[in-house]
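Only one structure is covered here, and it is reproduced in the block below.
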Amino acid sequence: MKLMQILLSQSEAGAETYFEKVAYAFTKDESIQQRLIIEAQPTRENRLQSAGVDFRTLPMDRFGKLFLYNHFLKRYVSDFDPDLIVTWVNRASRKCPKSRAVVVGRLGGYYDINNYRKCDHLIVNAPDLVRHVVDNGWSQDDVSMISNFGELPEPLNVIEPIPSIPEGHRILLTLGRLHPKKAQDVLIKALPKIPDTTLLIAGEGELQEELQALAQSLGVSDRVYFLGLRKDVRKLFDLADVCVFPSRFEPLGNVVLEAWATKTPLVAAASQGPAWLIEHEKNGLLFEIDNVGQCAEQVNRALSDHDLVKGMIEQGSLEFEKSFSMNVIISQYRQLFDQLINKKMERRT
């Protein structure tokens, strides 16, 4: 199978990070010849090269983007002549050139379905996204729900320094854009009620100054470290005593899967995705969205109740291995791709 994956984005958000993980995973399948098309971006290129992924880049300088971008996009697709193309995020799905390939759009959020008119099939990663797509006019037969996997491939990691942690402190980790949806403010507000802990916040965004001011006003600024965008997530999970995921709005929640994969105790707000994934007190702890007191209470339980934590780690690991490991998810992708390619070939004969 000749597989092409297209990502036309400069962002380093969750969808783009998962795109890199899936691309790496497919390099392990010797029966698949894979090639990516990405926009020129040195940090992403370095990670993909380190992971042994074949890719082509589109120019992002002013002249190249204006006059050569679309030309190279069409040429790269034509030269590779793929059997199947996966388009990631809206722009790639909207700009995908015509070819003989089956075109599969991958959605990880409640995106505008008008961007996916060129797609033959859609993949979503959570049950409610199936509803979203079908409600917007797609046939149930043309939509597949394949969730994400939780592994953090080592070749995609870029090791960066870790701040000094006060002796005797336990480490809380939260990951995500510094955005109102991610609700880092809830966790910072809870921190005065969670003694002897240091909070590591991995992510960047427009709320950093506001969140820093909040930590200062609550007298916990010396216990909160803003790490910025990080690509050594496995190292951060290995350091963490508890992973906290306070998002107000989350269709799925890669952080949940990554916590299970790394056997890290997990506390999360009961937003859409985490509430689907987590069974309270079995494979994680849930608290009401925006409830600062409950957040503090559940984090303190995760720090102190060793028997509870041991059971949650065991159950989370079992759930991960059964349903959200790289082998399981990539096998589902591969099975779907084979079906779609065979179906298209049958129509031609």
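When each of LEU122, LEU175, LEU156, LEU107 is tested for being surrounded by 19 or more Cβ atoms within 10 Å (Cβ to Cβ), at pLDDT below 95, in contact with a strand residue (DSSP E or B) (Cβ under 6 Å, 6 or more places away or on another chain) and not acidic (Asp, Glu), the lone residue that passes is LEU107. Would you check if LEU239 is of a type outside the set (D, E, K, R), touching a residue at least 40 places away in the same chain (Cβ under 8 Å) and surrounded by 19 or more Cβ atoms within 10 Å (Cβ to Cβ)? Judged against the criteria, LEU239 is not a match. Of everything listed in (1) touching a residue at least 60 places away in the same chain (Cβ under 8 Å); (2) outside any strand (DSSP E or B), the single unmet condition for ILE6 is (2).
Only one entry in SER11, SER31 is assigned to a loop (DSSP other than H, G, I, E, B), more than 22 Å from PHE337 (Cβ to Cβ) and either among the acidic types (Asp, Glu) or modelled with pLDDT under 95 (or both), namely SER11. So, ALA240, is that one within 19 Å of PRO166 (Cα to Cα) and among the small types (Gly, Ala, Ser) or not? Answer is yes for this residue. Would you say LEU340 is crowded, with 17+ Cβ neighbours inside 10 Å, over 22 Å from the mean Cα position of the chain (by Cα), part of a helix (DSSP H, G or I) and not assigned by TED's automatic domain parsing to the domain that holds LYS182? Spelling it out, LEU340 is indeed crowded, with 17+ Cβ neighbours inside 10 Å, over 22 Å from the mean Cα position of the chain (by Cα), part of a helix (DSSP H, G or I) and not assigned by TED's automatic domain parsing to the domain that holds LYS182. Taking the conditions exactly as written (crowded, with 16+ Cβ neighbours inside 10 Å, assigned to a loop (DSSP other than H, G, I, E, B), of a type in the set (S, T, N, Q) and touching a helix residue (DSSP H, G or I) at 6+ places or on another chain (Cβ under 6 Å)), does SER93 satisfy them or not? Here the answer is no, as SER93 does not meet what is asked. Could you say whether any residue in region 59-73 is within 27 Å of GLU154 (Cβ to Cβ), modelled with pLDDT of 95 or more and crowded, with 20+ Cβ neighbours inside 10 Å? Checked region 59-73: no residue is within 27 Å of GLU154 (Cβ to Cβ), modelled with pLDDT of 95 or more and crowded, with 20+ Cβ neighbours inside 10 Å. Residues considered: VAL220, VAL267, VAL233. Of these, the only one that is buried (at least 21 other Cβ atoms within 10 Å of the Cβ), at negative phi and assigned by TED's automatic domain parsing to the domain that holds PHE287 is VAL267. The requirement of being farther than 20 Å from LYS181 by Cα, at pLDDT 95 or above, touching an Asp or Glu at 6+ places or on another chain (Cβ under 6 Å) and aliphatic (A, V, I, L, M) is fulfilled somewhere in region 254-261, by at least one residue.
Matching residues to (1) assigned to a strand (DSSP E or B); (2) more than 14 Å from ALA202 (Cβ to Cβ); (3) touching an Asp or Glu at 6+ places or on another chain (Cβ under 9 Å):
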site: ASP222; (1), (2), (3): no, yes, no
site: TYR225; (1), (2), (3): yes, no, no
site: PHE249; (1), (2), (3): no, yes, no
site: TRP276; (1), (2), (3): no, yes, yes
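The values are calculated or read from the model by the stated rules, or taken from the named source; none is laboratory data. On a predicted model such as this, the values are computed, not experimentally measured, just so you know. Positions of Cβ are backbone-derived with ideal geometry, glycine not excepted, and every protein chain shown enters the neighbour counts.
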